[in-house]
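Report on the structure given below.
The values are calculated or read from the model by the stated rules, or taken from the named source; none is laboratory data. Everything numeric here is computed off the predicted structure, so don't read it as measured data. Reconstructed Cβ throughout: ideal geometry from the backbone, glycine too, with neighbour counts over all protein chains shown.
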């Protein structure tokens, strides 16, 4: 095996840690930098601050190759390629907050042998403005590469080690060549292009997937009016290889750290450049309304929600993660409480994160404790342990009989056999 060059990774969140652990697995020494001293201390002790299947094992396996520090100089000293994986959360205007990215850029010295590799999701044009900044600061020889990440939370390690594609946007210089070389052992299809196009690939891909979800949710809503079953419809649609079966699961809408932010970010980017991206307005609106439709389903069965006890199964935005960013449970629990209901909830891993974000919600220690005495139960996140529940035990514990399957993840026959009233999304 050829010797692999050391790299730096700035930011130790989902993307940064997975990228660092993935490159360590490929044989690179990795210098991980974060301004959060407490987080770096925990990582040095081998504690992983996020839940991602397989990540803790991989970090443990390669502890000898992973170096954690709060000082960017450590990365600059050992590595010429610095991957930037800091957060770019949405601001009140809907544009991403690039302050963390700017701080990293500003901390770079003048150099003719270093490159910044942008992993963070940034608006199209960010690369151009960073290069302009470097030029103004007399750091024009510092190279820049856009290398967007396409990691799915819950399957991020696998996605890193066997990617659908690797996108490298650069100026056709040594830095782009070096990034291509870094990824070459993965033998993934390579899209090497200009920086702006690479930046757009990421936003466009996420906006398209979000559009697919909102589309099938609208079909589900029409199915409810017409007596069709959206699961059968999606099965028939998905076999068309131009459409494909993925992201055709109707439910209570998408959440997470990427789709809501990137769809809004692309809409704003278009607006800032004078183009009205009408389709994305609808995608966002459908997603907002989808979460609220659960409330009307509950009202249909229970009448007023005042004084009713509603149990939420699952809080994270999707299974196999503890990520609560833009989770449907946030909107749902707030709406339920505004309508006078008492909300009890349970999630296998996100409870610690959820406790900070869900004022007034009682967190139960397990699913059966959550449904105890509930007038209705809503499946919010399709964790495997909820699919495997003993429905007669659920029915015995509940005060009422209503079960809303917000992810169409359960077997309606099994739920009804236990004496419960089953309602899915778009199931006629």
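Selection of the range 178-205 for residues being out of contact with any strand residue (DSSP E or B) (no Cβ under 9 Å at 6 or more places or on another chain) and either surrounded by fewer than 19 Cβ atoms within 10 Å (Cβ to Cβ) or closer than 26 Å to residue 30 by Cβ (or both) yields 181, 185, 187, 204, 205. Of the candidates 111, 107, 146, the single residue that is in the same structural domain as residue 184 (by TED's automatic domain parsing) and either under 14 Å from residue 10 (Cβ atoms) or touching a residue at least 60 places away in the same chain (Cβ under 8 Å) (or both) is 107.
Here residue 398 meets the list (1) more than 30 Å from residue 235 (Cα to Cα); (2) touching a strand residue (DSSP E or B) at 6+ places or on another chain (Cβ under 6 Å); (3) buried (at least 18 other Cβ atoms within 10 Å of the Cβ) almost entirely, failing just condition (2).
Could you please find all residues in the range 119-143 being under 20 Å from residue 265 (Cβ atoms), free of Cβ contacts under 8 Å to residues at least 40 places away in the same chain and in contact with a strand residue (DSSP E or B) (Cβ under 8 Å, 6 or more places away or on another chain)? Across the range 119-143, the qualifying residue is only 130. Within 30 Å of residue 268 (Cβ to Cβ), surrounded by 14 or more Cβ atoms within 10 Å (Cβ to Cβ) and either in contact (Cβ under 8 Å) with a residue 40 or more places away in the chain or outside the structural domain of residue 134 (by TED's automatic domain parsing) (or both): is that true of residue 52 in this structure? When the stated conditions are applied, residue 52 passes them. Number of residues in the range 89-110 that are in contact with a helix residue (DSSP H, G or I) (Cβ under 8 Å, 6 or more places away or on another chain), surrounded by 12 or more Cβ atoms within 10 Å (Cβ to Cβ) and modelled with pLDDT of 95 or more: the value is 6. Scanning the range 263-281 for residues that are touching a helix residue (DSSP H, G or I) at 6+ places or on another chain (Cβ under 8 Å) and within 17 Å of residue 92 (Cβ to Cβ) yields 263, 264, 265, 267, 269. What number of residues within the range 246-283 are buried (at least 18 other Cβ atoms within 10 Å of the Cβ) and in a helix (DSSP H, G or I)? Result for the range 246-283: 13.
Comparison of 171, 164 shows that the only residue that is loosely packed, with under 15 Cβ neighbours inside 10 Å, assigned to a loop (DSSP other than H, G, I, E, B) and under 25 Å from the mean Cα position of the chain (by Cα) is 164.
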